[in-house]
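Taking it in order: structure first as structure tokens, then the write-up.
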Amino acid sequence: MIPKKFFVTSGKAIDPISSLNAFDAALVDAKISQCNLVSVSSILPPEAEEIQKVPIHPGSVTFVVLARMDGDEGEEIAAGVGWTWEANHKFGMVAEAHGYMSREAINEILEWKLNEMARLRGITITEKKVRAETLTVPMDNYGSVIAAVVFLPSAVQYG
């Protein structure tokens, strides 16, 4: 089972009831709430093609590298993913990060993580890309931010 395509998405939301409801609303915002998400680690196969976000058939078991951060009123939260390719496109790597921080901080941490992943593997990498969401949670609400690399096998049904 090797993914042939992937897309990157993100979402954020608030909810007055619970952090779980805010997380669900963030999945709706990212347009992946209809999927059964399975978290996986962070290697992109060499033949995987990055595509624009596509609708996925409801109920599909969908593999993702997911960054998630939940927060309470007044907190600044962030979640993001960064991705890059080995210089000869032999494989790619994905890093995820989350915490109480600004957009600038999450982007910097993702760059550091990708650089460290490359150093550990002794490889040169290409351009680094990042996708992050940040949110300052309003009073009397819970908040959630997510970012995900969504893997699509060749047999996936779209729509």
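Just so you know, all these numbers are worked out from the coordinates, no wet-lab data involved. Small disclaimer: the values here were computed from a predicted structure and weren't measured. Please note: Cβ atoms are built from the backbone with ideal geometry, for glycine as well, and neighbour counts cover all protein chains shown.
Assorted remarks:
- Computed on the chain, with alpha-carbon pairs under 8 angstrom and 6+ residues apart, the relative contact order is 36 percent.
- For the range 90-107, Karplus couplings with θ = phi - 60° (6.51, -1.76, 1.60), whole Hz, Gly/Pro x: 6, 5, x, 9, 10, 10, 10, 8, 7, x, 8, 6, 8, 4, 4, 5, 5, 5
- Furthest towards positive pole of dipole, TRP112, PRO45, ALA22, structure part the chain, Cβ charges: PRO45
- Counted charge near TRP83, where neighbours are those whose Cβ lies closer than 9 Å (Asp, Glu -1; Lys, Arg +1): +2
- Principal-axis analysis of the Cα atoms of the chain puts helix 19-30 at an angle of about 50° to the longest axis.
- Sequence-ordered 3J(HN,Hα) estimates for the range 114-128 from the Karplus curve with 6.51, -1.76 and 1.60 and θ = phi - 60° stand at 5, 4, 5, 4, 5, 4, 4, 8, x, 10, 9, 10, 8, 3, 8 Hz, glycine and proline given as x.
- Potential extension, GLN34-HIS57 segment - 0.36 nm per residue separation minus Cα distance: 7.5 nm
- Expressed as a fraction of 2.2 N^0.38 Å, the value expected for a compact globular protein of N residues, the C-alpha radius of gyration of the range 1-112 is 1.14.
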